[in-house]
1. Which value in nm describes the separation of the simple spin-label points at residue 819 and residue 37, placed 7 Å from the Cα toward the beta carbon?
2. Assign unit charges at the C-beta atoms only (+1 for Lys and Arg, -1 for Asp and Glu), then state the dipole size of the range 349-459 relative to its Cα centre in Debye, rounded to the nearest 20.
3. Would you please put 272-278, 670-676, 422-428, 742-748 in order of how densely packed they are, using the mean number of other Cβ atoms within 10 angstrom per residue and starting with the highest?
4. Over 27 Å between C-alpha atoms is what I'm after, so list which of 378/621; 121/435; 569/694; 579/666; 657/744; 171/289 land there.
5. Please give the length that would be gained between residue 266 and residue 288 if that part of the chain were fully extended, namely 0.36 nm times their separation in residues minus their C-alpha to C-alpha distance (nm, one decimal).
6. Remind me, what semi-axes does the chain give for its equivalent ellipsoid, largest first in whole Å, using sqrt of 5 times each Cα gyration tensor eigenvalue?
7. Once every DSSP H run of n ≥ 4 in the chain is given -39500 (n - 2.57) and the sum is divided by its residues, what mean residue ellipticity at 222 nm do you get, rounded to the nearest 500 deg cm²/dmol?
8. Out of the total accessible area of the chain (probe 1.4 Å, heavy atoms of protein only), what percent is carbon and sulfur?
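The values are calculated or read from the model by the stated rules, or taken from the named source; none is laboratory data. Since we're looking at a predicted model, the values are computed, not measured. Glycine also receives a Cβ, built like all others from the backbone with ideal geometry; neighbour counts cover every protein chain displayed. The area values use the complete protein model at the heavy-atom level, side chains included, leaving out ligands, DNA and RNA. Shrake-Rupley method; radii C 1.70, N 1.55, O 1.52, S 1.80 Å.
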Amino acid sequence: MSEGLPQSYNPKEFEESLYRFWTDEGYFHSEANPAKKPYTIVIPPPNVTGMLHMGHILNNTIQDILIRYHRMNGYEACWIPGTDHASIATEAKVVKWLAESGISKDAIGRDKFLEYARDWKDKYGGIIISQLKRLGASCDWERERFTMDDGYYKSVIHAFVDLYKKGYIYKGYRLVNWCPVSKSAISEEEVYYQEIKGSLWYILYPVKDSDEKITIATTRPETLLGDTAVAVNPKDKRYQHLIGKTVILPIVGREIPVIGDEYVDTDFGTGALKVTPAHDPNDYELAKKHDLEIINIMNIDATLNERVPEEFRDIDRYEAREAVVQKLMELKLLVKTEDYTNNVGYSERGHVPIEPLLSEQWYMRMEDLIKPAVDKVKDGSIRLYPERWVKTYFHWLENIRDWCISRQLWWGHRIPVYYCQECGFYDAYETAPKKCEKCGSAKMRQDDDVLDTWASSWLWPFAVHSWPETDSDLEFYYPTNTLVTAPDIIFFWVARMIIAGMEFLGKIPFDKVYFTGLVRDDLGRKMSKSLGNSPDPLDVIAEFGADALRYTIIRLAPLGNDILYSNEKCELGRNFANKIWNAAKFILHNAENVKPANMSKIEFDDIDKWILTRYYKTVAKVRAEIEGFAFNDATSSLYDFIWSAFCDWYIEASKIKIYNGTDAEKTGKVSVLLHILEGALKLLHPVMPFITEKIYQVLPGAEKSIMTAEYPVYNEKLVFEREESDIDWVMQVIYTIRNIRGEKGIPPQAQVAVKIQPDDPSYAPRIDNNRELILRLPKASSAEIVSDYNKADNEVAGIGPGFQLFISLEGLIDVEKEREKLTKEIERTEGSIKGTKAKLSNEKFVAQAPADIVAKERDKLAYLETELVKLKSNLTALK
């Protein structure tokens, strides 16, 4: 059996071959089975352009833990994978790819561009799927979906038409986030913010029929060409007399009103605000409130249009800024310029500042649609983990605006609205109409826009099946069970999926949502390529193995909190795997000529009962932790049991009987070892699937794969509370003997004579029943029970919970040498105490040093004083 495991743990030798074994055997595949209870997860579909990063590792490891756990618990577990077409990201990649060959998107036209886009997707897209397989993700790859495959496309179009017919979708002019590079509206999720050092320009606006001028401050002087008002706070006494009057717009000469609104911050700039409704979201709201004219001065590429004076037309917004400032200086209307740091929104794909732009777009009315999504979280039908996200969820829904669902792109789900070019009639259709239903003309044109990516992925939990048709898969696997995702898309995706599920199927899409934290570097910084702190997970797997990475990332991740990650921390997972591997090698080697016995046939001693009790309590604990989403607690529980209780204690204790016991005793020990090893592998499998499978396959009597094994369950018949307590006490005795040996420098090979004085005489059987452990593990020559004992001069005492013990040092150490060593250590410690006290008595240090530094010095002093007491006690014992 042990020949089945190589001498040393090397995950490169078996991880990929085991994954092929799992997929070849079909262990990941699920079929609707009414005889079993379904457990379904749909993967948050990564962008087809995406590459695996550490956030994906955390998210998908959690999903895999849940799927493997439920699969082993007898559920029909189905993890449905797929990728998102990612309209703007993919189109940007394809445009760049074509440009490298000298091909322009606009020159080749829509149809040819889409051909190239599909070719690019087939060639380069979906790399992340193969990367997920390397992680060990047990997805049902036969069910892999893509948000633009034929079936899914039909689902998206059906949903649009259905909502359009119900009156939820309409066309309107609104202010949107506009990317001048992709020439499309973009969602807030596709905007990132940067602090930019810019300027604040102070500009004079002459008051009509007066010598008075209002000074306004702005970070965007070029947009004054589209101003339609100046706003002041009605409580601001400086400007109250001007409310209702008119000012002359610099350069343009247009007359615009002065309005009063409490929105205006009297402390910003001069307290007077230029209002440019078409290019600022706050100004847009002011315009709607005060019925102001809205003048769009931008083209879709962020050059200025025909609504501005001729000298500024068709030049870029930043060139226009310089030109406007120069003109203001010539007109003596520029008062001053100040440095100013501003938080500017950038397009995630275009990497240029977004432009708030008034544009005609398609919108979805949200006010009525959101009601079930609010109710289902309020009544507990859907639970969010951690619970703190509930407040955020409700805040967004309670302040929701209509959803801009159109994008000016070609790659995506084209909006199924068709226009008659004769009479102007338009309507939404699932299939292209042959003629206008109003005038009969065959001249029909489809809308050019595509849907926002979120307007397709919001259907993901059910559109991965046959919807809008109903089949056995949809009925069996929907609703799903748990969604694992990041909190930054709680609005863009999570809430909208709940809305879609309730609107189209009348059922919630999932009943639990687990929000992961962010994976940050050791300094707490968000990982990014620009900072060079974002490791390639495949490189980490190559160095440490997938199991080590999986274990480490989960161990570092408390429920929903951010984690601080570095590659070096994966040594924790690798060392754990090594420990398990070596333990398995030992057990399998000693089991080679032993026929394992059933647990019911074995006469257990106390240490057997102790490990069985610890094991089954760990079973119950880990089950509760996984089901309660306390995944990092589960990894800690598994580590503590396997490393400490099983490897460090039970395996070491078992060697006594394996090497020196009778055949029956050896059989009993090996049988318990195999029982615990097999159970521990099953417990650990969802977290570390590769090593657990590799070892499991060489266990005597094991099934073909651990994936078909049953997850361990609590067995109260093998829980022995008294023996657990007894061995815990005995372990403290052994700890104390070992500590004394270490402190006194007793040579490792030397045997010590121990006298043990229990605080309670009833503890004596604990020593008698486990005398062999007390003698062998800490290398004691004797373990005598005493009472009312007075320590001899040549003995050292140790105290533990419920006992005292005494060890004779006669002939074990050089007393004079030890006294000399302790004396020097006492002098060194007293010197350190003196220096630390001096530092803490320095009022300047205490007042000016950071609080954590002062606290560390106080902790250091407390530690040194405790050590000094111990050292003096040890010296006294030697006298």
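1. 7.2 nm
2. Working: 16 positive and 17 negative charges, 52 e Å.
Taking the Cα centre of the range 349-459 as origin, the dipole is about 260 debye.
3. Values: 272-278: 25.6, 670-676: 23.1, 422-428: 14.7, 742-748: 12.9.
Most protected by this proxy first, the peptides run 272-278, 670-676, 422-428, 742-748.
4. 378/621; 121/435; 657/744
5. Gain in length upon complete extension: 5.8 nm.
6. 68, 39, 22
7. About -13000 deg cm²/dmol.
8. Numbers: 18740 of 39640 Å².
Carbon and sulfur: 47 percent of the exposed surface of the chain.
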